[in-house]
Amino acid sequence: MTTAPVDIELARSFGLKDDEYETVLNIMGRTPSLTELGIFSVMWSEHCSYKSSRLHLKTLPTKAPWVIHGPGENAGVIDIGEGLAAVFKMESHNHPSFIEPYQGAATGVGGILRDVFTMGARPIANLNALRFGDPTHKDTKRVVDGVVRGIGGYGNCMGVPTVGGEVNFHSSYNCNPLVNAMTVGIARQDRIFLSAAAGVGNPVVYVGSKTGRDGIHGATMSSAEFDSESSSKRPTVQVGDPFTEKLLLEACLELMATDAVISIQDMGAAGLTSSAVEMASKGGVGIDLDLDHVPQREANMHAYEMMLSESQERMLMVLRPDRTEEARKIFEKWELDFAIVGKLTDSGRITVRHNGTVEADIPLGPLADEAPIYDRPTVPYERQPALVPPADPCGIEKGLSRLLAGANGASRAWIWNQYDSGVGGQTVQRPGGADSAIVRVEGTNRGLAMTTDCTPRYGQADPYIGGAQAVLEVWRNLTATGAKPLAMTDNLNFASPENPRIMAQFVEAVKGIGDAGRALDFPVVSGNVSLYNETRGDDGSVTAIQPAPVIGGVGVLDDVRKAVGLAMPQDGELLLVGETKGELGQSMWLKEILGREEGAPPSVDFAAERRNGDFVREQIQHGAVEACHDVADGGLIVAVAEMAMAGNTGCVLEKGPAGLPEHVYWFAEDQARYVLATNQADAVMKAAKAAGVPVSRLGRIGGDVLALDGVMNVSVQHLRQQHGSFFPRFIGQEEDDAPVVHLDEIS
Amino acid sequence: MKTGIVVFPGTNRERDMAQAFRVVSGKAPQMLWHQQDNVDGLDLIVLPGGFSFGDYLRSGAMAAHSPIMQAVRRFAEKGGYVLGVCNGFQILTEAQMLPGALLRNAGMRFLSQDCHLKVEGRDSIFTSGWKHGDVFRAPMAHGDGNYTAAPDMLDRLEGEGRVAFRYCTAEGHVKDSDEHVNMNGSARSIAGVLSENRRVCGLMPHPENLTEEILGGTDGLPLFTGIMEALG
């Protein structure tokens, strides 16, 4: 722990800018104590204050008749019918996952789970959106292996099924992987718990694990870029204990079934500081904490360390005084710490005592209100001109084979086979079975569809399209199962906002998300921003990540039995819904086959998305569709191949329309398209015409080869082998250093 | 039939198990907290999957010493029926109510995927819902499922028809050394075993997760219908 005097130097080392430190001095009217400086620095960190992003986030659509709680709570809450609510959010744990992949990813999962059960919901599903470096980079395997083990280790032990997600590889993530974890929970609408504290004199109660020295200043670390010293920051990474979190989940839900809880907040980033400050600020009350009563794992901890510790699996609650003993008994039953650590006051201040000394005494109003907000400068973003379609160097069959065998097109089964996707007994579509995961709502015939998506290479070329397209693809993935998309959560991963070009990426992406959300009645109900995702090399050069405005979406199925998957049935016809102009710019084919990341990404058309999607959903609900898959990375041929591989069935495709080169037709990534497998092709075509929806015949299902007249004739079995070959080869490749096996993660 | 499901701190498949019993019987089983030491009046006790006590130390090791396991042991000694699935199987071996032990999976990774099982056990309510030699699909979800026992014990289990289930291909072929078939590397592909009196059964995969068409199939249902028919 530092013994340096509190001054501007120390403030800088805590991540405060000089003018921010000036504001602190003005608020306090004196030099702050070490603990006070620590509190200001974490509350005003980018991670906690959203100081660079807040102005822009305000522009997002957040309302709809089915939104119960939008952004501002621990998670978003939406009405899913029958008096029930879905509670969900996505959150990043990027920086810790690079420094220590296993614990970084594990505690990311733990954190997002707490955000959801803090609100009174039982978590029913986890998803994760992962971006890793180039597979040939020396560090990528370590990160992939650790992150996957960490996610599995935590989620599996918690008994929450990990049902979906996505994975990308790109060299811009070599030293800055992205780990975004999403949890969806279900609660009764009349039993949602919020964080605003109330009732002067009411006890403030600490439950869960003991506080240690782990994770101190984690929020500050997450608000700075990486450099070659980053691995020395390992002590700022928290260590997870999923077993304790499982106990905390059950104890909290048991307590929430009583009327003891007035408000509750998990201790995530900035631990006790942010939970206490948020609860008191939101409730418009003051809070007194006596750290002598905080359960401690280590001896001689200083107030500064306790206030900034990010030890996991902890909650802060305000209880009804007459229910305190009842609550204590529940936590004792679950063998968790339970301690009254303070009370609410009418002082409007946070006052922290330790060993009889006041270590911090800060007015809450200014701490919140005078938090810095930046309207950071941007520069106009240079968009790329449309791509002139290049010639096909290898043919469609070879091209398809290479896409399916490449890191970004390969089967993710190696990953999801390490995640328990069935625990809970409600999983209707496991990973790979449908465009979205589908989980039944226990005790009903309803289902929730959920998915995450983002295509960073589109956003790199045009951040507005990057933001909008992520929303559209999520909405499409929900629609392709037959679900009605309800709302989304966003996890905005960008490099430094202090770079005007990066800030422009951010602003444009948020505009794109907002426009798409408004056009589709698909509001944002929760989210998270992760900035400074860049790496400073020893030579001073900076590598920024490709921007990743990741969207997580939730939709509802009134009757889960009507949902469809993507596996091709044994017979029937394939139809294409949507128009193909032949947009190859920024396509997967261009990148993987020609090694080029060029051109404008596919254009977005909100009206066409809505019209085509509404049509597809209606046809699924009518029972006219056997299987459905949206067209995304790799274009039409990859979509068809994925359906064929999932169903282990072949099909005979018809050639594309005259006027488009064959490879452009099959590999283009035009948006708003779906492939349907149906036994009622004529009726579906007729209905499409009536609805003004473009539809065309793709081919006939049957046999065991994927055939395209004179161009391609490849067995589905062969494609499956290609598709499954990447991960085992990547992870199994020989190296001097054998993969690290973590003793605590497997059982 | 009265069924009790034991809940340890860290148990996480008790709801799945309860749901499977509800599907076949229409009745919800009773949940039993690990600290209770009375299991009177029950016909069947189920130890479900999960990570009891975090599976710290060894999977199932601490749960095996909890108060309720003394009661479960007495219950079994009096001829009571006990089913342990996944972590429940691990607990039963740690409590020495079933022979052998579950080691870390051969590939050193958590395995969550479907496997196929061949029904081999005889004269047991836990296999009576199938015909001898039937093959069914079941999800597995474990890190420590690699069954092992001393060779003479393995011989004895086989000789006495106490190997309840064996990992196999979809066509019913047992391939001990094929990592795609015997995925966790179990000795002689053993996925489940029976006690001497055939009233205690442990298995690693999760038939309880395949008991409704909407959840992916009903391959697991015979486990529960067999129990129901026997115990009423």
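The values are calculated or read from the model by the stated rules, or taken from the named source; none is laboratory data. Given the structure is predicted, the values throughout are model-derived calculations rather than measurements. Note: ideal-geometry Cβ built from the backbone for every residue, glycine included; neighbour counts use all protein chains shown. Note: areas computed on protein heavy atoms with side chains; ligands, DNA, RNA excluded. Shrake-Rupley method; radii C 1.70, N 1.55, O 1.52, S 1.80 Å.
Before moving on, here are some points about what is shown:
- Options A:G540, A:G599, A:G582: the member that is assigned to a loop (DSSP other than H, G, I, E, B), of a type outside the set (D, E, K, R) and modelled with pLDDT under 95: A:G540
- Scanning the range A:124-163 for residues that are of a type in the set (K, R) and more than 11 Å from chain B (Cβ to nearest Cβ) turns up A:R131, A:K138, A:K141, A:R142.
- The one condition in (1) open to solvent by 20 Å² or more (accessible area, probe 1.4 Å); (2) among the acidic types (D, E); (3) within 14 Å of another protein chain (Cβ to nearest Cβ) that A:E326 fails to fulfil: (3)
- Positions within the range B:176-208 being out of contact with any helix residue (DSSP H, G or I) (no Cβ under 6 Å at 6 or more places or on another chain) and closer than 12 Å to B:V23 by Cβ, in sequence order: none
- Some residue of the range B:31-44 being buried (at least 24 other Cβ atoms within 10 Å of the Cβ) and under 16 Å from the mean Cα position of the chain (by Cα): no
- Residue selection: A:E642 satisfies the criterion of being open to solvent by 10 Å² or more (accessible area, probe 1.4 Å) and of a type in the set (D, E, K, R).
- All positions within the range A:693-728 that are farther than 16 Å from A:A644 by Cβ and among the polar types (S, T, N, Q): A:S696, A:S725
- Among all residues of the range A:104-124, there is at least one that is crowded, with 24+ Cβ neighbours inside 10 Å, β-branched (V, I, T) and over 16 Å from the mean Cα position of the chain (by Cα).
- Pair list, Cβ under 7 Å, 6 or more apart: the range B:198-219 residue at the interface with chain A (Cβ under 7 Å from one of its Cβ atoms), other residue of a type in the set (S, T, N, Q) and buried (at least 20 other Cβ atoms within 10 Å of the Cβ): B:L215/A:T427; B:L215/B:N209
- Residue match in the range A:78-89 (condition: away from chain B (no Cβ under 14 Å), within 30 Å of A:L520 (Cα to Cα) and not in a strand (DSSP E or B)): yes
- Among residues of the range A:507-525 that are within 22 Å of A:K51 (Cβ to Cβ), those with a beta-carbon under 7 Å from a residue that is charged (D, E, K, R) and buried (at least 22 other Cβ atoms within 10 Å of the Cβ) at least six positions away or on a different chain give the pairs A:I513/A:D490; A:V524/A:D490.
- Only one entry of A:L566, A:L574, A:L531, A:L557 meets the criterion of being within 14 Å of chain B (Cβ to nearest Cβ) and at pLDDT 95 or above, and that entry is A:L557.
- If you filter the range B:101-137 down to residues that are among the small types (G, A, S) and open to solvent by 30 Å² or more (accessible area, probe 1.4 Å), you find that the one that is farthest from the other protein chains (Cβ to nearest Cβ) is B:G133.
- Conditions (1) more than 14 Å from every other protein chain (Cβ to nearest Cβ); (2) aliphatic (A, V, I, L, M); (3) open to solvent by less than 20 Å² (accessible area, probe 1.4 Å): number failed by A:I415: (1)
- Being modelled with pLDDT of 80 or more and part of a loop (DSSP other than H, G, I, E, B) is a property that holds for A:T258.
- Residues that are open to solvent by less than 20 Å² (accessible area, probe 1.4 Å) and among the small types (G, A, S) within the range A:11-65 comprise A:A11, A:G38, A:S41, A:S45, A:S49, A:S52, A:S53, listed in sequence order.
- Subset of the range B:32-55 (residues that are at negative phi, of a type in the set (A, V, I, L, M, F, W, C) and within 12 Å of chain A (Cβ to nearest Cβ)): B:W33, B:F51
- Flag for A:G268 being under 23 Å from A:L492 (Cβ atoms) and either within 14 Å of another protein chain (Cβ to nearest Cβ) or at pLDDT below 95 (or both): yes
- Going through (1) open to solvent by less than 30 Å² (accessible area, probe 1.4 Å); (2) closer than 14 Å to A:A681 by Cα; (3) not aromatic (F, W, Y) one by one, A:P601 falls short only on (2).
- Some residue of the range B:80-92 being within 14 Å of another protein chain (Cβ to nearest Cβ), of a type in the set (V, I, T) and in contact with a strand residue (DSSP E or B) (Cβ under 7 Å, 6 or more places away or on another chain): yes
- Members of the range A:418-450 found to be away from chain B (no Cβ under 11 Å) and on the phi > 0 side of the Ramachandran plot, listed by number: none
- Leading residue by the ranking (nearest to the other protein chains (Cβ to nearest Cβ)) among those in the range A:329-351 that are under 30 Å from B:G54 (Cβ atoms) and of a type in the set (A, V, I, L, M, F, W, C): A:W334
- Among the residues making up the range A:474-483, those that are at negative phi and outside any helix (DSSP H, G or I) are A:A480, A:T481, A:A483.
- Scanning the range A:196-250 for residues being more than 30 Å from A:E325 (Cβ to Cβ), in contact with a strand residue (DSSP E or B) (Cβ under 6 Å, 6 or more places away or on another chain) and either buried (at least 22 other Cβ atoms within 10 Å of the Cβ) or modelled with pLDDT of 75 or more (or both) gives a total of 1.
- Residue list for the range A:663-696, restricted to those being touching a Lys or Arg at 6+ places or on another chain (Cβ under 9 Å) and more than 21 Å from A:E626 (Cα to Cα): A:Y665, A:A668, A:D670, A:Q671, A:G692
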